[in-house]
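Engineer: Attaching a single structure in structure tokens format; questions to follow.
The values are calculated or read from the model by the stated rules, or taken from the named source; none is laboratory data. Note that this is a predicted model, so its numbers are computed, not measured. Here the Cβ is made from the backbone with ideal geometry for all residues, glycine too, and neighbour counts use every protein chain on show.
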Amino acid sequence: MKKIVQSIVVLLIVSFVVVAGLLALKKKDENISIVTTNFPSYDFARAITKGIPDANIKMLVSPGVEIHDYEPTPQDIIDIKNSDYFIYTGGESDHWVENILNNINPDQTKVIRLIDLVETKEEEPISGPEEDRDHEDDHHHSDIDEHVWTSLRNSIKIIQALEKEFISQNPDEPKYSQNATFYINELELIDNDIQEIVKNAKLKTLVFGDRFPLRYFIDDYGLDYYAAFPGCSERTEASASTIAFLVDIVKAKKIPVIFHIELSDGEIASEISKSTGAKVLEFHSAHNISKNDFDSGVTYAEIMRNNLNALKEALNESY
Ligand SMILES: [Zn+2]
């Protein structure tokens, strides 16, 4: 009898441990914590997990800060190590990630690189006056262009890949798929609208009095471009010959809009504007957004919608 009681007690303890273990497992499944380096990944993760109370998403770069200047804090590293998913670009702006990858436990944290989810292109040297091209940072020429998210079609592929990942972690959560489908539809509409604008446009050339992180975007629509600097070059001051070159293009092609990109002082664009009368507009490459926009919940889709409106003006001859 004593033995039977003992067995029952052991059985009860075992059952308790098993149930507690399952509950712990269940709890882990229902939580999802995601750390991202830049705004686009943050926005996609936020859109896919919308309405899921236990989703916790952290963007490492603070709103309004130039992503290329970002350095991780010790707390950032701890947050990455404790996350279920760590999403980074895999390019020039987050080279620091390579140094911490060895410290990430793959059983705890799944690491996702955006450049692995789409077809990448190499950063392109800009067209410009010969003397400036010679001075271009040569070591950048063979780098992968990391700005894959500037293409709406790439962003759709990235969202689909993230959706699949999150569903694999919790197949019982129907919201991942519903949210992803909803957001992809929104991006497809913007993509279609831009195709329509380009199809009916008088011009097919854009001029950036700034850096040019938009190759993936431009290529989707077969547009042409001229820019002061390639990719996310650290240079901010253009030579007189670069400015003269861009001024000539604007005049010759009757280009009505000069673009600057977000978080830039827009100096070069306004200088070209002064000599040509062309209007200066912002083209937002969505690396990061301002604190105000972040606090009011501005989305990647809204940013691209604004770009679409700016494009409409830029692709129609004004004089
Ligand atoms: Zn960049």
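Engineer: Do you know which of the residues in region 42-72 that are farther than 15 Å from GLU262 by Cβ and among the β-branched types (Val, Ile, Thr) is nearest to the ligand (Cβ to nearest atom)?
Structural biologist: In this case the residue turns out to be ILE57.
Engineer: Here is a list of conditions, (1) more than 16 Å from the ligand (Cβ to nearest atom); (2) modelled with pLDDT of 95 or more, and LYS28 meets all of them except one; can you say which number that is?
Structural biologist: Every condition holds for LYS28 apart from (2).
Engineer: Which condition does ASP191 not pass, out of (1) over 16 Å from SER127 (Cα atoms); (2) within 16 Å of the ligand (Cβ to nearest atom), if it passes all the others?
Structural biologist: The number of the failed condition is (2).
Engineer: Additional query: Does SER296 satisfy being free of Cβ contacts under 8 Å to residues at least 40 places away in the same chain and either within 16 Å of the ligand (Cβ to nearest atom) or closer than 30 Å to ARG46 by Cα (or both)?
Structural biologist: Yes.
Engineer: Something else now. Among (1) of a type in the set (Phe, Trp, Tyr); (2) closer than 23 Å to TYR300 by Cβ; (3) over 21 Å from the mean Cα position of the chain (by Cα), there is one condition PHE245 misses while meeting the rest; what is its number?
Structural biologist: (2)
Engineer: Of all residues in region 261-319, count the ones that are part of a loop (DSSP other than H, G, I, E, B), out of contact with any Asp or Glu (no Cβ under 8 Å at 6 or more places or on another chain) and of a type in the set (D, E, K, R).
Structural biologist: Residues meeting the conditions: 2.
Engineer: Here's a check for you: in region 213-231, which residue that is within 16 Å of the ligand (Cβ to nearest atom) and outside any loop (DSSP other than H, G, I, E, B) is modelled with the lowest pLDDT?
Structural biologist: Result: GLY231.
Engineer: Return the residues of region 232-282 that are under 18 Å from ASN307 (Cβ atoms), touching a residue at least 60 places away in the same chain (Cβ under 8 Å) and within 16 Å of the ligand (Cβ to nearest atom); say none if nothing qualifies.
Structural biologist: Answer for region 232-282, where residues must be under 18 Å from ASN307 (Cβ atoms), touching a residue at least 60 places away in the same chain (Cβ under 8 Å) and within 16 Å of the ligand (Cβ to nearest atom): CYS232, LEU263.
Engineer: Out of region 195-212, which residues are within 16 Å of the ligand (Cβ to nearest atom) and touching a helix residue (DSSP H, G or I) at 6+ places or on another chain (Cβ under 7 Å)?
Structural biologist: Scanning region 195-212 gives a single hit, ASP210.
Engineer: For GLY51, are the conditions met, namely being modelled with pLDDT under 95 and out of contact with any Gly (no Cβ under 7 Å at 6 or more places or on another chain)?
Structural biologist: Against the criterion (modelled with pLDDT under 95 and out of contact with any Gly (no Cβ under 7 Å at 6 or more places or on another chain)), GLY51 does not qualify.
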